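Only the coordinates and a few stated rules stand behind these numbers; no lab work does. If you're wondering where the values come from, they're calculated on a predicted model, not measured in any experiment. Cβ placement follows ideal geometry from the backbone for every residue including glycine, while neighbour counts extend to all protein chains displayed.
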Ligand code: SF4
């Protein structure tokens, strides 16, 4: 049985004072604000970001991650200096999100083949949207059998665009990191350059895949 004293110990953490919160928040606000978003991609580029590993600890002295693909915050709460964008544009929600990022971020970076030129999702650009959806939901051997297969529709689902677009065809993008996914070292190099006020210099050794 749990002893009363154990319970008290468990509940007796010192909560940070409001004064402390304000100080921490103020320090955080002084840093370079960085945001990330995933559009039409597979999250592989986001995982590559995590390959920065412990090097991010040094950078966190200078940058604060305001919004990331790993959280469920839909909008950027405050103006950001740098934004990393994974994925291309494949529906109206992607367009809205990308435009929101452009309005609220100084430097926009396309990360990975999907953001840079559409990537794998853009393979559907060779056929009409109708044919693509029919193949996926009606003719596909994996289509649900029994009831007549239908293409899913609901008014709350974002409308799919006729083509998949690279980000720079929707808004201005400032930098491009190629790869599927880019190497974590390449993402780190770009972030490190920008965080330290250097001109971005991505050597080909970090962007070669042969
Ligand atoms: S570029 Fe490759 S890894 Fe990145 S989101 Fe697209 S498919 Fe995934």
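Out of the residues in the stretch 48-63 that are part of a loop (DSSP other than H, G, I, E, B) and in contact with a helix residue (DSSP H, G or I) (Cβ under 8 Å, 6 or more places away or on another chain), which is nearest to the ligand (Cβ to nearest atom)?
Top of the filtered list is 51.
Output the residues belonging to the stretch 68-107 that are within 16 Å of the ligand (Cβ to nearest atom) and in a strand (DSSP E or B).
Within the stretch 68-107, 83, 84, 85, 86, 88, 89, 90, 91 qualify.
Per-residue answers, yes or no, for (1) more than 16 Å from the ligand (Cβ to nearest atom); (2) part of a loop (DSSP other than H, G, I, E, B); (3) over 16 Å from the mean Cα position of the chain (by Cα):
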{"residue": "125", "(1), (2), (3)": "no, no, yes"}
{"residue": "141", "(1), (2), (3)": "yes, yes, yes"}
{"residue": "150", "(1), (2), (3)": "yes, yes, yes"}
{"residue": "176", "(1), (2), (3)": "no, no, no"}
{"residue": "187", "(1), (2), (3)": "no, no, no"}
{"residue": "190", "(1), (2), (3)": "no, no, no"}
{"residue": "193", "(1), (2), (3)": "yes, no, yes"}
{"residue": "205", "(1), (2), (3)": "yes, no, yes"}
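What are the pairs, 6+ residues apart or on separate chains, where a residue within the stretch 186-197 that is more than 15 Å from residue 111 (Cα to Cα) has its Cβ under 6 Å from a residue that is assigned to a helix (DSSP H, G or I)?
From the stretch 186-197, the pairs are 195/59.
Given (1) in contact with a helix residue (DSSP H, G or I) (Cβ under 7 Å, 6 or more places away or on another chain); (2) surrounded by 13 or more Cβ atoms within 10 Å (Cβ to Cβ), where does residue 133 come up short, assuming only one miss?
Evaluating residue 133 over (1) in contact with a helix residue (DSSP H, G or I) (Cβ under 7 Å, 6 or more places away or on another chain); (2) surrounded by 13 or more Cβ atoms within 10 Å (Cβ to Cβ) leaves (1) as the failure.
Just need a number here: residues in the stretch 21-43 that are surrounded by fewer than 18 Cβ atoms within 10 Å (Cβ to Cβ) and either closer than 18 Å to residue 110 by Cα or within 16 Å of the ligand (Cβ to nearest atom) (or both).
Filtering the stretch 21-43 down to residues surrounded by fewer than 18 Cβ atoms within 10 Å (Cβ to Cβ) leaves 21-31, 42-43.
With the extra rule that they be either closer than 18 Å to residue 110 by Cα or within 16 Å of the ligand (Cβ to nearest atom) (or both), the set shrinks to 42-43.
So the count comes out to 2.
Output the residues belonging to the stretch 156-169 that are assigned to a loop (DSSP other than H, G, I, E, B), more than 16 Å from the ligand (Cβ to nearest atom) and touching a helix residue (DSSP H, G or I) at 6+ places or on another chain (Cβ under 6 Å).
The initial filter retains those residues of the stretch 156-169 that are assigned to a loop (DSSP other than H, G, I, E, B), namely 156-159, 166.
Keeping just the survivors that are more than 16 Å from the ligand (Cβ to nearest atom) gives 156-159.
158, 159, listed by residue number.
What are the pairs with Cβ atoms under 6 angstrom where one residue, in the stretch 32-60, is free of Cβ contacts under 8 Å to residues at least 60 places away in the same chain and the other, located anywhere, is assigned to a loop (DSSP other than H, G, I, E, B)? Sequence gap at least six, or different chains.
Taking only residues 6 or more apart or on different chains, the pairs are 36/68; 36/69; 38/69; 38/87; 46/69.
Just give me the residues in the stretch 103-118 being buried (at least 18 other Cβ atoms within 10 Å of the Cβ) and more than 19 Å from residue 195 (Cα to Cα), in sequence order. Talk me through it step by step, then tell me what you get.
Here is the first cut: in the stretch 103-118, the ones buried (at least 18 other Cβ atoms within 10 Å of the Cβ) are 104-105, 108-118.
Selection gives 112, 113, 114, 115, 116, 117, 118.
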